[in-house]
């Protein structure tokens with residue numbers, strides 16, 4: 001069923017934007033202030049140091065979710081119509097997106113557990129895979145494109161599009177040998193996007 005009404009597209013973007021906003025908000029809830037009041041400077045510093053794993057997964061997740069939002073914006077900006085299959089693909093992406101705050105918290109709290117880190121990395125990859133499947137579906141529907149946005153969507157370099165996969169798949173492999181190193185590899189993602197992908201897209 002093809003839907004030409006632009007309000008349908010707007011509703012898809014509205015609910016997706018809401019999910020992105022909630023996901024980013026949930027990330028920060030895992031950063032806790034000290035439970036004991038009246039701590040001196042040394043005790044406060046010690047408490048903050050103990051939360052470093054939470055800050056790491058927060059920064060990684062924030063950058064990744066921001067990137068997904070930007071990609072989603074680019075994809076839907078090029079559309080002037082949609083169908084039910086596209087709506088389903090969008091919800092498929094949201095499925096993995098909403099899990100990021102949970103798996104990020106899991107990786108932070110069980111930082112010594114290989115499985116916890118791997119679940120976080122796999123979640124990031126599945127979220128990236130789902131949005132690129134969505135992107136490819138839209139690219140193939142050339143008759144659905146807004147002419148002003150079509151060129152920008154079609155000329156994107158594969159490194160730009162698959163930045164998440166380029167970073168996360170090696171990290172998943174490395175996690176079988178050293179999951180701490182694998183998690184830190186994710187900090188390369190904003191570097192890939194900012195210094196490489198943006199220049200060649």
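Mind checking whether some residue in region 27-40 is out of contact with any strand residue (DSSP E or B) (no Cβ under 6 Å at 6 or more places or on another chain), part of a helix (DSSP H, G or I) and either closer than 22 Å to residue 185 by Cα or touching a residue at least 12 places away in the same chain (Cβ under 8 Å) (or both)? Yes, because at least one residue in region 27-40 is out of contact with any strand residue (DSSP E or B) (no Cβ under 6 Å at 6 or more places or on another chain), part of a helix (DSSP H, G or I) and either closer than 22 Å to residue 185 by Cα or touching a residue at least 12 places away in the same chain (Cβ under 8 Å) (or both). With respect to the stated conditions, residue 52 is modelled with pLDDT of 80 or more and more than 20 Å from the chain's Cα centre (by Cα).
Checking each residue in region 55-79 for being over 17 Å from the mean Cα position of the chain (by Cα) and either part of a helix (DSSP H, G or I) or at pLDDT 90 or above (or both) picks out only 77.
With surrounded by fewer than 19 Cβ atoms within 10 Å (Cβ to Cβ), at pLDDT 95 or above and closer than 27 Å to residue 22 by Cα as the only criterion, which of 95, 115 stands out? Step by step, each of 95, 115 is checked, and only 95 is surrounded by fewer than 19 Cβ atoms within 10 Å (Cβ to Cβ), at pLDDT 95 or above and closer than 27 Å to residue 22 by Cα.
Restricting region 157-183 to residues that are farther than 19 Å from residue 72 by Cβ and free of Cβ contacts under 8 Å to residues at least 12 places away in the same chain leaves a set whose member that is farthest from the chain's Cα centre (by Cα) is 177.
Residue-wise test of (1) in contact (Cβ under 8 Å) with a residue 12 or more places away in the chain; (2) crowded, with 16+ Cβ neighbours inside 10 Å.
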site	(1), (2)
48	no, no
61	yes, yes
65	yes, yes
80	yes, no
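When the residues of region 8-43 are filtered to those that are over 29 Å from residue 64 (Cβ atoms) and surrounded by 10 or more Cβ atoms within 10 Å (Cβ to Cβ), the one that is modelled with the lowest pLDDT is 39. Is there a residue being more than 12 Å from the chain's Cα centre (by Cα), under 26 Å from residue 187 (Cα atoms), at pLDDT 95 or above and crowded, with 16+ Cβ neighbours inside 10 Å anywhere in region 119-133? So far as region 119-133 goes, yes, one or more of its residues are more than 12 Å from the chain's Cα centre (by Cα), under 26 Å from residue 187 (Cα atoms), at pLDDT 95 or above and crowded, with 16+ Cβ neighbours inside 10 Å.
The values are calculated or read from the model by the stated rules, or taken from the named source; none is laboratory data. On a predicted model such as this, the values are computed, not experimentally measured, just so you know. As a convention, Cβ positions derive from the backbone with ideal geometry for all residues, glycine included, and neighbour counts pool all protein chains shown.
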